[in-house]
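Following: one structure in structure tokens, then a few remarks.
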Amino acid sequence: MTVAQLLEALTQMPPDAVVPMEGDGGLSLVAMLELVQPQGGAPAEVLLLPSMAK
């Protein structure tokens with residue numbers, strides 16, 4: 001999924017919805033985004049970073 005595809009999908013969602021992500025058998029809220037610059041012909045990547053709060 002590209003950033004443009006993600007943004008389009010998000011426009012269809014309620015604006016007050018929270019964004020959890022699945023990992024390690026459970027759900028965590030997305031706390032931050034991190035941009036990884038393109039390297040060696042690979043495209044830039046956006047990483048969704050989970051909240052570490054319990």
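The values are calculated or read from the model by the stated rules, or taken from the named source; none is laboratory data. What you see is a predicted model, and the numbers here were worked out from it, not measured in a lab. No Cβ is skipped: glycine too gets one built from the backbone with ideal geometry, and neighbour counts run over all protein chains shown. Ligands, DNA and RNA are stripped out before the accessible areas are found, and what is left, the full protein with its side chains, is counted by its heavy atoms. Shrake-Rupley method; radii C 1.70, N 1.55, O 1.52, S 1.80 Å.
State all residues of the range 24-34 that are open to solvent by 100 Å² or more (accessible area, probe 1.4 Å) and under 15 Å from the mean Cα position of the chain (by Cα); if no residue qualifies, say none.
The answer is Leu27, Met32, Leu33.
Any idea which residue in the range 6-23 is farthest from Ala53 (Cα to Cα), counting only those that are open to solvent by 100 Å² or more (accessible area, probe 1.4 Å) and not charged (D, E, K, R)? Here the residue is Gln12. Looking for something among the polar types (S, T, N, Q) and touching an Asp or Glu at 6+ places or on another chain (Cβ under 9 Å) - is there at least one such residue anywhere in the range 39-53? No, the range 39-53 contains no residue that is among the polar types (S, T, N, Q) and touching an Asp or Glu at 6+ places or on another chain (Cβ under 9 Å). Scanning the range 20-41 for residues that are free of Cβ contacts under 8 Å to residues at least 12 places away in the same chain and over 15 Å from Val3 (Cα atoms) turns up Pro20, Glu22, Asp24, Gly25, Gly26, Leu27, Gln39, Gly40, Gly41.
Listed by position, the strands (runs of 3 or more DSSP E) contained in the chain that have at least 2 residues being modelled with pLDDT of 95 or more are 26-36, 45-50.
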